[in-house]
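The values are calculated or read from the model by the stated rules, or taken from the named source; none is laboratory data. Predicted model, so just to flag it, every value in this text is computed and none were measured. Virtual Cβ from ideal backbone geometry, glycine too; neighbours counted across all protein chains shown.
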Amino acid sequence: MQKNIHELHLQLETYIKENIYSSSMIERLSIEYNRLLAYMKQNSTEIYTPEVGKVYLKHRDTIISKRKCHHYDERYITLLNGMLQERWILRISRTKYDAPFPGHIGPYFTEFLEKHVIEKKLKTDTRNNYYRCLYKFCERMHYENVSSLKDLTAEKLLDFMSSVRNCKDHSATILRAALKKLYDDGIIDRRTAKILDHLKIRVRNKIQTYYTADEILRLEQNVNRTISKGKRDYAMILLATRLGFRSSDIRFLKFSNIDWKNNIIRLEQFKTKVPIELPLLTDIGEAIIDYIKNGRPKIKSKYIFLRELGPYTTMTSNAFYNNIRNYLKKANIDYSTRKHGSHALRHSLATNLLKNRVPISIISDTLGHTNTVVTMDYLHISIENLLECSLDVPVVDHNFYLQANFK
């Protein structure tokens, strides 16, 4: 079995496009293709055989001192050999995320999930995570012969949660929302509806990412405000760095949210649905006006920030995330070990406010939290403030060490 390497790789690429739909896999395998092609050219051949692949992998082992967890070169050779044999070489796993949930209560949760996704504007990945959780829940309730929504009890919910091993936080989140809806509809009692509210799923033990005040200033200064895209990005970044707005609240900010007469921003937070009112700082107001007058597409839309090119809709979360990352890179700020989205800027605001001795209650109000306990997850330990709380080590008298029993 043999074939020209160019034709074989093209055959593999076409196969992936038709069956796997993975652009990342195609990109990764293209890198391996170029490596293999260079090796084959060094050996004056473009005809691939399984034996060529075997020798190539031995060559790769001699130049790679420490392999990572993914052996892409080995995987690529396996795929090429499969193409030569014209056999099914990839295990295609496609979970059906549109199948109705099982059991008598399944239809209710199927309809609930779709409405919840639209209301919260959830990403596809988040929706699919919730789908898996609710599917397992409905499957378990069907196994326990729950034939009506009124048969759901606090004990059954706790039993189900205790059996969940993976993504327990996702299960708790979507079930809390569903139970609230069931209670509002008068289907279940208050105890059942609230049984998961205080269920402790995980403890935050990682220090949140933040950037210093100097780094934030450099980030803002490296936005090119002479072009329309820069005018938009500058205003959006200021809302994150100066007011701590979440990405969703920035991207979906409406003209009606700004009270220009009183210099106030009022909105219902997209994530928590909690109303918040903050002052429209001069820098932010001027940046928004500059964008509206000199950078924003001249179309009718209730949203302030729009895509630079058509269709002129609101930005996606990924686009905003990538913009922030690019500006951090442009400002020569090392983000290799830190998160670098709008939420990192939100954490940074909270941390830098704490360093400036702003009370926790004010920081909590600024971030739109209803409880200061939530705010504590955003804050970093201030070493300087801790040192002020430390006590001096008492001086020990020299005679203490001369005691007979002292060793």
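Below are the figures for this structure:
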| quantity | calculated |
| --- | --- |
| Filter result (more than 12 Å from Ile216 (Cα to Cα) and among the aliphatic types (A, V, I, L, M)) within the range 237-255 | Leu239, Leu243, Ile250, Leu253 |
| Residue that is farthest from His170 (Cα to Cα) [pool: residues in the range 108-124 that are aliphatic (A, V, I, L, M) and assigned to a helix (DSSP H, G or I)] | Ile118 |
| Unmet requirement for Leu386, which otherwise passes all of (1) at pLDDT 65 or above; (2) hydrophobic (A, V, I, L, M, F, W, C); (3) assigned to a helix (DSSP H, G or I) | (1) |
| Qualifying helices (runs of 4 or more DSSP H) (wholly inside the range 306-372; at least 3 residues being surrounded by fewer than 18 Cβ atoms within 10 Å (Cβ to Cβ), polar (S, T, N, Q) and modelled with pLDDT of 85 or more) | 317-330 |
| Selection from the range 238-254 of residues that are over 15 Å from Glu268 (Cβ atoms) and either of a type in the set (S, T, N, Q) or without any contact (Cβ under 8 Å) to a residue 60 or more places away in the chain (or both) | Leu238, Leu239, Thr241, Ser247 |
| Residue list for the range 318-357, filter: in contact with a helix residue (DSSP H, G or I) (Cβ under 6 Å, 6 or more places away or on another chain) and on the phi > 0 side of the Ramachandran plot | none |
| Criterion violated by Arg242 - all others in (1) surrounded by 14 or more Cβ atoms within 10 Å (Cβ to Cβ); (2) out of contact with any Asp or Glu (no Cβ under 9 Å at 6 or more places or on another chain); (3) farther than 17 Å from Tyr303 by Cβ satisfied | (2) |
| Subset of the range 263-296 that is basic (Lys, Arg) and outside any loop (DSSP other than H, G, I, E, B) - its residue that is nearest to Thr173 (Cα to Cα) | Arg266 |
| Subset of the range 123-156 [closer than 30 Å to Thr314 by Cα and surrounded by fewer than 16 Cβ atoms within 10 Å (Cβ to Cβ)] | Lys123, Thr124, Asp125, Thr126, Asn128 |
